[in-house]
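Where a number appears in this text, it was derived from the coordinates with a stated rule and is not lab data. Quick caveat, the model's predicted, so the values are computed rather than measured. FYI the Cβ positions are ideal-geometry reconstructions off the backbone, even for glycines, and counts take in every protein chain you see.
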Amino acid sequence: MKKRAVMLSAAAVLQGCASQIVPMNPESSAALKQASVVRVVRYQSGGMNIMTPKEVAGAGLLASATGSSEMATGESLKRAYGLPDPVDDMSRRLLEKLKAEGQLANLRAEPKALSRPFVEDGSHYRGKYQDGVVLELSVEGHGAGYGAMSWKTYTYTVYGRARLIRVSDGKVLWLDTCNLHAFADDADKRKLDVSEFEANKGARFKEVYSYSNERCSRILADKLLAKAS
Amino acid sequence: MRRTSLACLALSGALTACSAPEVRNTYEGPDRSRAEVAVLFTPRPDAYPDKRSRAHFSAVDGKHYGTYMAGYPAATKVVPGEVMIKVNCFDAQPAKWETFLLLRTRLEAGHYYELACDHFTASAIDRGTNYESIRHLLPAAIQDQLAR
């Protein structure tokens, strides 16, 4: 039980290492500011995973006392509350920040999210666009898991990734992530009791969901604009 | 691990199946008349010839009235209005899968709603206000109780 929770937490932390970070530099900064157009594209997110102890040997009946084994699925929570795909919300917030704080007038949001699978090779944008750069956003994972010591306290986690790609040659000019994992500095702001996913029409869950999208967009915006979060 | 969890799932399914069907109220105070409440029910296991998934009432607006420990009601009386219902959904084939799903719906006073689900979505099907039209879908043990 504890072992599984620790492994899941470790996996979340290690996700941050999965992408090879390409920091902002004079070339990428100039491309962002001077490109004729920066198309902001996003990939549809996968499902939201809510961890339950049901699958842990012998824990189903025991854990039911805490309610954590009777959690609704992540997707049905999102549907019931009408929550947006996190990448849609994150993308909108990121765009607002870049316009307001970076005075970027060349940003253009693509209306539709790209469907998966994710294409790692940035040169595929050449077939779609003629010029400029692409600011690509994806949420590689989002969900909630309980702590190793408590089945009742959940932490919502999000792992987002963004790239700046030059259309003409497909070069990745910048790549960075926002990894809101269970041990991040702001983890307390993403904690909620198992009952709070549904109580008060999901008010606390919706607050955490919105906060996480905002936080991720803030981290990415600050990295793009070379500011401290 | 998988075998043990399947065994637990089978056990909880068996416990649910073995407990006597119950009608539960989700409001405080004395019982209310049929015209004042909406009734959400799970059809009896042999109501349909196919092996469809079974949906049990678990909670309304975050308040639980059905759990593994307490068992799930066969029928639940709910105050009408806009509500969020949670159902426990499991495959009728024993111990195959089980999940909890939320649905938002508007319940009308005096109406009967049949709970249904598949792996991803749950629904409360409006079966109208005529008790006799749904009586055959209910477990025999609660038919008289709901007829009142």
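Here the protein assembly as shown is treated with +1 on each Lys and Arg Cβ and -1 on each Asp and Glu Cβ, and its dipole about the Cα centre works out to around 500 debye.
With everything on Cα atoms, drop me the angle between helix B:2-18 and the longest principal axis of chain B, reported from 0 to 90° to the nearest 10. Relative to chain B, helix B:2-18 is tipped by roughly 30 degrees. For chain A, relative contact order (Cα pairs under 8 Å, six or more residues apart, normalised by length) works out to 27 percent. Between the listed residues B:PHE41, B:MET69, B:LEU103, the Cα displaced farthest toward the positive end of the dipole of chain B, a dipole computed from Cβ unit charges relative to the Cα centre, is found at B:MET69. When the alpha-carbon atoms of segment B:2-147 are used, the pair Rg, Dmax equals 14.6, 47 angstrom. Taking Cβ atoms as reference points and 13 Å as the exclusive limit, the residues near B:ALA124 contribute a net charge of 0, counting Lys and Arg as +1 and Asp and Glu as -1. Computed per residue of the protein assembly as shown from DSSP H runs no shorter than four, each worth -39500 (n - 2.57), the mean residue ellipticity at 222 nm is -9000 deg cm²/dmol. Per-residue mean of foreign Cβ neighbours for B:58-71 is 4 (Cβ atoms of other chains, 10 Å radius). Normalised by 2.2 N^0.38 Å, where N is the number of residues, the C-alpha radius of gyration of segment A:123-229 stands at 1.33. For the residues A:ASP186, A:ASP88, A:ASP176, a GNM of chain A with alpha-carbon springs under 10 Å puts the largest fluctuation on A:ASP186. Quick one: pull the percentage of alpha-carbon pairs in the protein assembly as shown with a separation above 41 Å. Summing the P(r) of the protein assembly as shown above 41 Å gives 27 percent of all pairs. Among residues other than A:ALA144 with Cβ under 11 Å from its Cβ, the summed charge is +1 (Lys and Arg +1, Asp and Glu -1). The aspartates and glutamates whose alpha-carbon is closer than 17 Å to the alpha-carbon of A:LYS191, local same-chain residues fewer than 8 away aside, are A:GLU207, A:GLU214. Partner shielding of A:76-84 amounts to 4, given as the average count of beta-carbon atoms from other chains within 10 Å of each residue beta-carbon. Electrostatic bookkeeping for A:VAL167 treats Lys and Arg as +1 and Asp and Glu as -1; over the other residues with beta carbon under 10 Å from its beta carbon, the sum is +3.
Multiplying the residue separation of B:ILE125 and B:ASP46 by 0.36 nm and subtracting their alpha-carbon distance yields 26.6 nm.
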